[in-house]
Each structure stands twice: as structure tokens, then as C-alpha cells.
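Below is one structure, written out as C-alpha cells, with a few remarks after it.
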Amino acid sequence: MLRTMNSPLQTCQDVILDSVNEGVFTVDHDWKVTSFNRAAEGITGIPRQEAIGRPCCEVFRASICENACAVRQALATDEAVANAAVYIVDASGNRVPIKVSAAVLRDQDGRVIGGVETFQDLRQIEELRKKLEKKYTFADIVGQSPVMVRLFDLLPKVANSESPVLIAGPSGTGKELFAQALHNLSPRRKKRFVAINCGGLPDSLLESELFGYKAGAFTDAKRDKPGRFAVANGGTLFLDEIGDISSAMQMRLLRVLQEKTFEPLGSVEPVRTNVRIVSATNKNLEELVKKGTFREDLFYRLHVVQMELPNLQQRREDIPLLIQHFLAKFNRLQGKDVSGVSAGAMARLMEYDYPGNVRELENIIEYAFVLCHEGLIQFHHLPPAIQANALPGFSESGNGLTLEAMEKSLITSALHRHCGNRRRTAKELGINPSSLYRKTKALGIEVPAKDGRSHRRND
């Protein structure tokens, strides 16, 4: 049986569910509402005290209530349901577009006691898409986190200068996108943007790629070939993975930057160059300078302006924006109509660590598109490696979902986001740290090994 609404555990449970952005309500066998979270109040316009005890069709007035009730389908099949876009009529008579998911609700002994339904207000998604097209994008760069907003503010200022720029950051953070944006915003935008990945190329090949060669310079040189410096003349030359070039190539590149001239292979005539250099690396060039593997004079030539790109863990609030961006991209490229991501899939994507950063997130969404043709991307559409070690309660095993499982998932996810810091986790969830401690014990939640107490000074 459901616990009484007045029990301390149920009260704490309501607080946890109230921290969820999606509407959540539960019904019993008589289709009467037994719980109704704060987001459900906001979306439907119906106060919780008015919803509890009423038939769900009177409260949740959806276009599917008559013939395709999601909860009824979940109870009939004993499997979780994610429907296509539907709409409800709120308390003011307005049609509100939503996405609905439903599952069987069970007690601690596994007995079916009703159903649970979650729903997402798609008006926010439409607003999100508008923001993506305006404020939160530079070309294909997407973000609204403070660190990304600072970079967006910096981009036009840096672009208008002629100074060399070094873009630093882990692999997969979008360094070439920033380089392209710098070029597109600069006075050089009418000329070429030319990119070359310097990593792993032998000196002879990199030299011919950068500086070109004259016919007869070597056996297979049948005709003149212009190098990247010549092709990018008047524009921007992007040198990716600059930290991987050899000492000899560092010396050659330094000379070009100092004298503004270069000599193609097989030529004795210097060629003047007018390019802006933007370079990128995922290595710590200052450490390489200290070790003597990267020239200090070249470092200072490249390092006039530095832009540091964050990894995805440092900008988790951008993950929903990025997901919507990639959904729109792959819908356009593949001619599909995938409208969003289910609550379970989103929860996993929000708490995953992304060692491959934004590039890895894009690959995950592309993989999901292979399996999902329309509707919502579900948990089981994610790559197996992402499904592994997922938080409890988000598996679509068809065994139903308990309120305890939902609560455990929310608390565990929040603990991971705050590296186990209980004070910060409790603050995010809107409960006391002592209540959080009791809940972690009662639900058997394992606090991350790095418990975050060293960060209390920042609370």
C-alpha cells in the first residue's frame, strides 16, 4: 500500500520529487491521483491539494486520455511507455504540448499498486530552440554556462585583433569550431580559413603541407604545389595539435612567424605571407617548455592570446542544449523526426563523465539515432557502454518503477554531481543534510569515494 501522506518519509519523498523539472503524478487502481509534484502543479495549473484524490482524467486532461492512456497501456503490458507528443488542457483552458512517459508503480514487495506518469512541458523546448538559434550559438558552438558565456563575450574582441591565438583544451571540446568562429568574426573572413592537423605527421610531409614545393623538388613533384601558408594568404591558418611538432619544425615555424616569409621546398626565393595564426593543443605547452621539448620563443609567439576551453564536466548545464542541437542536426541530415530524450536517458546523459567531451556526446546521440527512428530516444537506445553502471531506476526492464527507485536515482545523481558533498547535495534537493543522511542510509545509497568535504569552504 502507499504510505500515508503525513508520514515523515513520504513528506521527504515529496520534497525530492518536487526537485524534478518534469511533472510527476501517481494513480491507484481506481485511477485516482495519489501524488502530484510541484512541476505537475506548474504545468497543469492545478494545485496539489485539488488534484489528490480526483480521477486522473479530470486533472491530467490529455489528448490521449480517451483512447491511448499511457498509464493504462503500461499496466496492460507491464512495460514502460514513451508516447509521441500529445497535449493537455491546463486550468486556464490553454493547450499545452507535452511529452509523456509512464510505468507501473509497485510497492517494496513488487506488488502493482498503480501507475506513475512523468510529463515534460514542450513549451520550454521551443523556447530552448529559439535561444539556440540566437543567444547561445556561435556557428556550431552551443552553451549557456558561465564559462561558455565568458568565451562568447571574448570571441568578438579577440577576432578583431591580428594577434596570434592559442586555443587550449582537452580533445573533443571544439577547438577547431572556436578557430573557425574567430575567422568568421574577423576582418579576414572574406579570405580562406585553412586548417591542418600537425599531430603525427613526419617533418617532411608537414613541411611540404605547410610551405608547398616546386616542381622537381623531389622525385614525385611533377608540378608546383602551394602550401597551406600560401593558400591561407590574407586569411587564417589553423595549426591543430601544435604541441606535437618536432624541434626542427618548431624552429622552421618560428622563423616564418618572425620574418613573415617562407621558402617552398625546392625554391630559393622567399615568399611573403600574410596570415593570422590560430593554434590549438590539448597539451600543457608551459610544462613542455619547462621540460625543454617545446621552444620557449615559439610558445610566446603563439601564446599572445590564450583561450581555455572547458571539458564537458565543467559545463554540465550545457548538456540539454547540446542534445537539442544534435537532435536538430541529425533529424535534418537523416530525415527523421526524433523529438527528444526520455527522462531516463536524459538522467544517464546528465551524470555520465564524458572522457571524450562534446565530441563523445555527439557520437552518443548519433548512435541513438541509428536505433531510434521517431519519438523519444530511450535509455535502451544509448550505447551499451553508456548504459553500463547507470544509476538505479532508469533501466527500461519493464518491471515497473517505484517511487523509492526514482528517489534513489535523484539523490545518487545529485551526489555524483557534487562529488559526494552532502551539504551541497542537500541544498540542491531542498532538504536538510540530516534528512539526506537518513535517506542515503535507508535507500542504501553509496556516497562517492571522493566525498567533497574538502570543498566545504566554497559552500
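The values are calculated or read from the model by the stated rules, or taken from the named source; none is laboratory data. Note that the coordinates shown come from a computational prediction; the quantities given were computed from them, not determined experimentally. Positions of Cβ are generated from backbone atoms using ideal geometry, with glycine treated the same way; all protein chains shown enter the neighbour counts. For the accessible areas, the whole protein counts, side chains as well, though only heavy atoms, and no ligand, DNA or RNA atoms are used. Shrake-Rupley method; radii C 1.70, N 1.55, O 1.52, S 1.80 Å.
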Problem set entry | Estimated vicinal HN-Hα couplings, Hz - the stretch 42-47 in sequence order (Karplus 6.51, -1.76, 1.60; Gly, Pro = x) | x, 6, 8, x, 10, x
Problem set entry | Average accessible area per residue (Å²) across the stretch 258-336 - probe 1.4 Å, nucleic acids and ligands excluded | 53
Exercise. What are the radius of gyration and Dmax of the stretch 241-362, computed over its Cα atoms and given in Å?
Worked result: 21.3, 65
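Of the listed peptides 108-117, 167-176, what is their order by residue-averaged count of other C-beta atoms within 10 Å, with the highest listed first?
167-176, 108-117
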Exercise. What is the calculated FRET efficiency for Gln313 to Leu288, with r their C-beta to C-beta distance and R₀ = 22 Å, to the nearest 0.05?
Worked result: 0.35
Seminar exercise, completed: So for R0 = 56 Å, FRET eff. of Glu176-Arg423 from the Cβ-Cβ r, to 0.05, ends up at 0.90
For this session: Note down the nm distance, to one decimal, between modelled labels 7 Å out along Cα→Cβ at Cys57 and at Asn184.
Result: 5.1
For this session: Could you calculate the FRET efficiency of Val149 with Ala385 from 1/(1 + (r/R0)^6), where r is the beta carbon distance between them and R0 is 30 Å, rounded to 0.05?
Result: 0.40
Problem set entry | the stretch 309-356 - convex hull of alpha carbons, volume per residue in Å³ | 88
